[in-house]
Amino acid sequence: MSDIPTPERHPDIPSRRRQELAALGGPWLEALTASAVAIVLTDALLPDDPILHVNPAFEALTGYPAAEALGRNCRFLQPEPAETEARARIREALATDAPVTADLLNRRRDGERFWNRISIATIRDGHGAPAFRLATQADVSSEYADDPAARELRASRRSLAEVQERLRVVQSVAGAAGAWEWDIASKRLVADARFASIYGLDAATAASGLPTAAFFAAVHEEDRMRLRIAVAGALHGAEVFARDYRVVVDGEIRWVAARGRTYLDAAERPLRFAGVLTDITDQRKVEERLHIAQTAGEVGSFEYVAGYGTAEVSEQFCRLLGLRPAQSLPVRTINALVHPEDPALIQNRDGRISSGTASHEFRITRADTGEERWLASRGEYRAGLAGGTIFTGVIYDITTTKRSEAALRLLTEKLEERVEERTQERDRLWNLSRDLLNVIGPDGRLRAVNPAWTRLLGHDEAELIGTSIEALTHPEDAATARSHLAHLLHGEAIAEFDIRMRTKGGDPRWVSWTVVPEGGAIYGIGRDVTQRKLLEDQLRQSQKMEAVGQLTGGIAHDFNNMLTGILGGIDMVRRRVSQGRLDDVDRFLEAAMQSGQRAAALTHRLLAFSRRQTLDSRPLDVAVLVRSIEDLLRRTLGEQIELVIDMGPDLWSAVADDNQLESAILNLAINSRDAMPDGGRLTIGGRNVHLSATDLAHSDRGEAGDYVEIRVADTGLGMPADVLAKAFDPFYTTKPQGQGTGLGLSMVYGFIQQSRGDVMIESREGSGTTIRLFLPRHHGAPDETPAKPRAAALPGTGETVLVIEDDPAVRLLVLQVLQELGYRAIETADERDAVPILQSARHLDLLISDVGLPGMSGRRLAEIARASRPGLPVLFMTGYAREAADQAQFLDAGMEIITKPFAVDELGQRVNRILRTKGMAGPSSE
Amino acid sequence: METTVLIVDDSKLARIVVGKVVAALQPDWQRLEAGNADEAVAVIAAKPVDVVIIDFNMPGRDGLDLAEELRGRFPAMPIAVATANIQDEIVDRARAANATFIAKPVTEEGARGFISGAALRLRAPRP
Amino acid sequence: MSDHVVPLEEMERDALTELVNIGVSRAAASLRKMAGQQVLLSVPSLEVVTRGGAATLIRERESGDLVAVRQDFEGVFSGRALLIFPESNSMALVRAVAGSALSDAEAAEMEDEALTETGNVVLNSCLATMANMLQRPLTMSLPQVVRGNGVGLFELMQVSTEEGGVVLFLYINFAINDRDIRGYIAMLMDLPSLQALRLLITEFIRRVIGDEV
Ligand SMILES: Cc1cc2nc3c(=O)[nH]c(=O)nc-3n(C[C@H](O)[C@H](O)[C@H](O)COP(=O)(O)O)c2cc1C
C-alpha cells in the first residue's frame, strides 16, 4: 500500500509539503488514490517535476513500487530517449502550466512495453501559483495493437500469472488454502501439503501425484456424487467450478469450499483442472446460525455500494418485501415499493454520506399481496476498500409496534378522561398486545401493567404494581433507565431507548421502549427485541469476516510487490555472480533486504492489528520507561515542540511489553508532531485510575479495576469527527490523509487491547488531540530484570544443537549460522526425525525448534525432550503462533522465543547467551 | 491466373470478418460475396469461382445443401462450411460432402489450414 | 411459492447445470475471440418455474430496456435460447465484436445485424456443445433480435401455446472485461422436452462419471 508519503518513510519530503497537498487536494485526492485509476503527483516547485506520490494502481500499471519511483521524473518510464511529438507537446504544456493529454510508449518494470495515455493537470495553491502536478495514466495498448488474438493472449497470460502469484502468496500468508492440480491427460492429481492435510492424505505422496480417484475418496458419501458431476463438467470444458462439500477424515466432518478452473490447450481441449480448497467449517457454522436467526427473527439483510444499480440482499429481505428470493435486486425495484411520502429504503445512491449509522421507518406495499406494512431499517455506512461507500443493514417488520403505538396514543387520551370509560376494544388491545404497556406514576413506580408483562418477564401483576421500574431493570442498565425517567418526570418529551429488563428467572431480555409523559404520569410501550440484538451482534461478526477478506486482497497485492523486490534482487545477484561480476551485487542485495524488511514490517503491523503478536508482558514502571526515551522523544519532536513530562506521584507498576509500549508512545508522539506543523506542546502524563465496567465497554478483554493511565496530549490541529470515528481503522490509517492520524494508531490499539488494557481518544478540530492508554495494574513491585545484554555473537565451542524446522530455507539458514559460529548442528524437519534423537542417549546442549510444525507442535517436542533431559534449554522460533502470543504462559523456565523474521546476528547472539547462562547454571543434561 | 473466393453468409458482419481473414492470408485473392444460397448459385453462373466459404445457418436453403449441390457440379472445388453450430452431425455432413468444417467465429488461425490447402490445390496443374 | 415447481432431482439439476456450464464456457470462448477481451462467467442458476415465474425472474433483476437475440431449437428437447443484455450496452457490444472491422458509423448502421450474428455464434456454440455432450442432434432456427423491457421480452417468448406450462429456466451472467458490458445467457425449455431431457441427463451422468477417473 503506497500512502501519501509519511515522514517516517520518506524523510526527504517535508511535512509542510504534505500538508499543503492535503489541503489543496482534499477529498478527491483521497478518492483518486484509493481508486483503480493510476495517478502520479509531482512537485511543481522543484526543478524537473520529481515524483512526490504514486498510488497502488500506478504501481500495478508500471510494476514499479512507490519507493523506486519517488524523487524521479516520470521520464524513467520511457524506453527510448528519442524525441517524439508527444513529448514535445507535454513540454510545451508544462511550460505554460496548461493541461495536456498524450500517448507515450512506456516500459514496465519487467521490460514489457505499453502505450500509456497520460493526462496532466497543474494544481495551483491559494494564490494561483502552480504547486503540484497531477497525472492519470491508462494502458491504451489495445488501441495500438493490430491483432486481437495476440492482444488477448498477452492480457490473459499476464492476468493468469498474476492470479496464480496472488493465490500462492495468500495461501502461504494465511496458511489457509490448499491447492490442487488435476492433469486431465495423465489422470494424475497433484496437491499441496495443506490440501493433503484437509483430505487426510500423506503430504509427500500428494505432492508427487496421486490417481485422480483420491479427489473423491475422503468426500462425504452424500456429497460425493454431486461433486463427481461437477468435476465431470470441469473436465469436459466447463470453466467455472465452485462447490462446497463435506470431507470426512478419521470420523471428523469438515466443510470445504473448492473453487477451480479448467485450463484449455491451444485447440481448446481441456488440459488441466486446478483450484484451491479452503476449510470453511467455522464460517459455515456462523453462516448457519446467522441464517437461522435471520429467518426466525424475520430480519432481512442487505448491502449496497453507492453508485450501483443493484443491492445484495438476503432471502428474508425479499420475503419481507413480497418479492421472489434473489441475491441481488435493482435499487429501483426495492425503492418503488416504499410509500412515496416515506424515506427510501436504500438511500445515499450518490455516496454523499460516507460513515455513521442510519435508521428509519417506512411503509411498503408488498409486491405479492399489495398489503401495506411498516418496516424499520437499521444500518451502517462505511468506506469500501476499493473506494465508494458501502451501506450494510437489516430490515424488519414493525407493523404491530406501529399499531400498538397508535393504540397507546389512543389509550393515553382516554385515560385522561376517566379510567372507567375504557371501551371494550381498548381492553382487548391492552390485554392482547404482545408489547409491554404500562403506566408509571410520578414516584417512578408502576401503576398499571398489561398481561404481556407477565408473559414476557414472568412476574405477575400483583408483584409488579408499586414496584419501581429501576428494580426491574438489569443492573448494568439501571443507570440509563434512571436518567431517562428523571428527564421524563421533568416533562421532557418522548424518549426511545433499549434496555435489558430482568425476568423472574433472572435472565435479561432486551426491550425497546417508547415512553411518553402525560399529565404527571408516564405511559410506556416496550417491545421484546432480544432476538434482534443477537442478530445485530452476528451481523457485526459477519462484517468483520468480510473485512478480513478485503484485507487479505490488499495484503496479497503488497506482498507481491515486496516479493518482486526480494526475488528480483536475488535473481540479479545470482546472475551477476554467475557472470563473475561482483561490483554492484551489494546494491541488489540491499534492495532485496529492504523489500524483505518492508514485508516484515507489514506482517508485524498486521499481527499487531489482529492482536496476535508475540508479547513479552511483564511488570514495568511507566515513569522510568518514559524517562528512558525522553531524549529520543526530544530529538524526534524537534525544537519547535515543547515536551512536558508529567508523571503523578506513587505511580503503580503496570503490566505490558516494554518494547511495544515504547514504540506505541513514540508513534503517538510522531503523530502529534505532524499535527503541530507550527510547533506546540506535547504532554506525556501518567496517573493511577480506577475504571468501571462501563468505562471499559469498548475494551476487548479489560476488566473493571485499577489501571495506569498514560496520557499523550498535543496542542495540534485535532481531527474532525469523521476522521476521529475511523482513527483506529486499519484501512483508514494505512492510507493516512495528511494530518494527525499516523500509520501506527491501529497498531497501538491492537497492542493495548492485547495487553488487556484500553485506549481512549479525544480530539476536536483546532484544539488538539489527547490519547489515553490504560494498562492493567501489576500488584507487586516491578521486575528488576536488567536490560538484556546485547553482546556480539561469540564463537561456540562445539556444543551440540538439535534443530527442528520444517521450512527448508529457514532450516538451511539456521544450520549455516550455527556451523559458522562453531556449533555442531543436527538437522531435523519434524517429530519423525526429532523424537528418536531426543529419546536417544545422544548428548545435546540446546534444542532449537519451530513452534508450528506440521505434525507435533514445537511445544510438545520440547516436553518430550524435557522428559528425559530436564534442564535442556529450548529456543523456539515462531512467525506467528496463537499459543505463543502470551509468552509468560507459553514458556517454562529455560525456554525462550525468537520471532521470525530474525537477523542472522540476532540468532547467533541468542544461542550464545543461552549456552553461556546454562554453562554458569549447572551441569549440562545428558 | 487470379483466384476468386466466394463468401456466402446472410450476415454482413460475418462476411466482413471472413473477408478480412482471407485478405490477411491471401492478399491477392479476389473476393466475392453472396447473402444466400440462390444468390451464390447466380454468382457462380456469372463468374468463374475457385473457392467457396459457406455459412451453414441461412434463410432459405442451408449452407450444407448448397455445399452438396456445388460438390456435385465441381468435384475438385475447395469448399468450406463455416458455422458456430459445431454439432457432430453437422461436422459429419460437411465431411460427407467433402467440404472443410471451420468453426465460427472465423479467425486466421482457424481458416489457415483450409485457405493454404486450397491455394496449394489451385496452383497444382489442372487436368 | 406456487409458481416454483421442482420436478428435477438434485442430482439431475447438478448434471443439467454442468451441461449448461460446459455449453456456456464454449460460448464464452467464442465471445472472447470475437471481442478480443476477457469474458467472465458466473455459476449458472437453474430453476424450474412457470412461464410467469420466468418473466418475474428477469423483471426483478432488470428494470431498464433490454435487447435479446433469441434462437429456437428443436430435437429430442426443444425450447428457446437467449442472449440478453441491457439496451444501453448494445452499441458497446457491437463495437467490441466488430472491433476494427467497422468504423463507428458503420457499426451504428449495422447494429441489429451485428447483434444477430453475435447471438448466432454465441448461442450456436452453446447449444451445439450441449447437443454433442448429450449425443442427440438439435435443429436451430435463425436468430432474431428482440427489444423491450423485461416483461415485453417474456410475453413474446411463449414457446408453446399451452397456458400455465412449466418451463426450465437457466441463466448465467457474463461480463466483458475492460468494457462495461454485462448480460445473461438464458434458456427456456418446455415440460414435455424436460422429461426427454431427464432421460438424457441420466444417460449423460452415467457417461461422464464413467470416464472421469
Ligand atoms: C505529473 C506528470 C506525470 C507524467 N507521467 C508520465 C508517464 O507516466 N510516462 C511518461 O513517459 N512521461 C510522463 N510524464 C512526462 C515526462 O515526465 C516529461 O515531462 C516528458 O517526457 C517531456 O519531457 P522531456 O521531453 O524533457 O523528457 C509526466 C509528467 C508529469 C508532469
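The values are calculated or read from the model by the stated rules, or taken from the named source; none is laboratory data. If you're wondering where the values come from, they're calculated on a predicted model, not measured in any experiment. In this analysis, Cβ positions are derived from the backbone assuming ideal geometry, glycine residues included, and neighbour counts consider all displayed protein chains. Note: areas computed on protein heavy atoms with side chains; ligands, DNA, RNA excluded. Shrake-Rupley method; radii C 1.70, N 1.55, O 1.52, S 1.80 Å.
Distances between placed amide hydrogens fall under 5 Å for A:Ile123 paired with A:Ala131, A:Phe132, A:Arg133, A:Leu134, all partners being 5 or more residues away or on another chain. Other protein chain C-beta atoms within 10 Å of residue C-beta, averaged over A:234-247: 5. What the Cβ-Cβ distance of A:Ala721 and A:Ser186 gives, at R0 = 41 Å and to the nearest 0.05, is a FRET efficiency of 0.05. Note on A:Phe497 and A:Ala217: the model spin-label points, each 7 Å out from Cα along the C-beta direction, lie 6.5 nm apart. Across peptide B:84-97, the average count of Cβ atoms from other chains found within 10 Å of a residue's Cβ is 5. Amide H contacts of A:Ala179: A:Asp192, A:Arg194, A:Phe195, A:Leu277, each under 5 Å away and 5 or more positions distant or on a separate chain (H built 1.01 Å from N in the peptide plane; Pro and chain starts excluded). Taking Cβ atoms as reference points and 12 Å as the exclusive limit, the residues near B:Leu64 contribute a net charge of -3, counting Lys and Arg as +1 and Asp and Glu as -1. Mean partner shielding of peptide A:264-277, defined as the number of other chain Cβ atoms within 10 Å of each residue Cβ, is 1.
Going by average Cβ density within 10 Å per residue, which order do the peptides A:591-600, B:56-65 take, highest to lowest?
Ranking the peptides A:591-600, B:56-65 by packing returns B:56-65, A:591-600.
From the largest down, segment B:1-40 spans 27, 21, 8 angstrom on the principal axes of its Cα atoms. For the pair A:Tyr308 and A:Asp650 in one chain, pulling the backbone fully straight at 0.36 nm per residue adds 117.2 nm over the alpha carbon distance. With a ≥ b ≥ c the root eigenvalues of the C-alpha gyration tensor of segment A:800-917, is it rounded (a/c under 1.5), prolate (a/b larger than b/c) or oblate? Taking the square roots of the gyration eigenvalues as a ≥ b ≥ c, segment A:800-917 is rounded.
Listed values for segment B:19-36 are Karplus-derived 3J(HN,Hα) couplings in whole Hz (6.51 cos²θ - 1.76 cosθ + 1.60, θ = phi - 60°), namely x, 5, 4, 4, 4, 5, 8, 9, x, 7, 5, 8, 10, 10, 10, 9, x, 7, and x replaces Gly and Pro. Each of A:Ser628 and A:Ala242 was given a label point 7 Å from its Cα along the Cα-to-Cβ line. The distance between the two points is 5.3 nm.
Ratio of Rg to Rh for segment A:194-244, alpha carbon only, Kirkwood?
0.99
Under conditions of 37 °C and 0.692 mPa s, segment B:1-114 yields 238 µm² s⁻¹ as its translational diffusion coefficient, taking Rh as the Kirkwood radius over Cα pairs in the Stokes-Einstein equation. Taken one residue at a time, the phi angles of segment A:806-811 give Karplus couplings (6.51, -1.76, 1.60, θ = phi - 60°) of 7, 7, x, 5, 5, 4 Hz. Gly and Pro are set to x. Taking θ as phi - 60° and the Karplus parameters 6.51, -1.76 and 1.60, the scalar couplings of segment A:845-853 work out to 9, 7, 10, 10, 9, 5, 7, x, 9 Hz in sequence order, x denoting glycine and proline. The protection proxy used here, the mean number of other Cβ atoms lying within 10 Å of each residue, ranks peptides A:747-755, A:480-488, A:673-681 as follows, highest first: A:747-755, A:673-681, A:480-488. Distant-in-sequence amide contacts of A:Ile398, defined by a placed amide H-H separation under 5 Å and a gap of 5 or more residues or a different chain, comprise A:Trp374, A:Leu375, A:Ala376. What segment B:4-123 shows is 42 Å² of accessible area per residue, with the surface traced by a 1.4 Å probe over protein heavy atoms. Packing order of peptides A:511-523, A:229-241, highest average first: A:229-241, A:511-523 (average count of other Cβ atoms within 10 Å over each peptide's residues).
A Förster radius of 56 Å, combined with the Cβ-Cβ distance separating A:Ala601 from A:Asn431, puts the computed FRET efficiency at roughly 0.25. Just to be sure I understand the model, the point goes 7 Å from the Cα along the line to the Cβ. What's the resulting A:Asp265 to C:Glu74 distance in nm? Each label point is offset 7 Å from its Cα along the Cβ direction, giving 4.0 nm. Once the Cβ-Cβ distance of B:Arg73 and A:Thr84 is raised to the sixth power relative to R0 = 60 Å, the FRET efficiency obtained is 0.55.
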